[in-house]
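The values are calculated or read from the model by the stated rules, or taken from the named source; none is laboratory data. Just so you know, these numbers come straight off a predicted model, no measurement behind them. What goes into the accessible areas is simple: the full protein's heavy atoms, side chains included, and nothing from ligands, DNA or RNA. Shrake-Rupley method; radii C 1.70, N 1.55, O 1.52, S 1.80 Å.
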Amino acid sequence: MCTFFNFFLVVDTGFVKTRFITPQTGVEMLKVIPVAKFQANQRAGRAGRESAGKCFRLFTEGKLNIHLFK
């Protein structure tokens with residue numbers, strides 16, 4: 001894990017790429033899945049580590065509470 005400084009703006013798409021292994025073939029692949037609610041909150045916190053920052057989410061608060069994993 002790496003920490004970056006001087007980030008004042010974060011754009012959150014609401015999705016994350018996760019590595020999956022297909023059990024039948026053993027092939028690794030990346031799947032795009034909705035981000036977990038705690039991950040979305042963590043991303044927002046990255047915007048203001050050293051000073052005030054802003055997080056722009058490309059999804060509504062309703063989707064955060066309903067469609068994304070809790």
Legend entry - Rounded accessible area of GLU28 (nearest 10 Å², 1.4 Å probe): 110
Inset, instruction - Using the Karplus curve 6.51 cos²θ - 1.76 cosθ + 1.60 with θ = phi - 60°, work out ³J(HN,Hα) for each residue of segment 25-33 in order, rounded to whole Hz, and write x for Gly and Pro. - result: 10, x, 7, 7, 8, 9, 10, 8, 10
Inset, instruction - Please list the non-local residues whose amide H lies under 5 Å from the amide H of ARG57, H modeled 1.01 Å from N, same-chain partners needing a gap of 5 or more. - result: ASP12
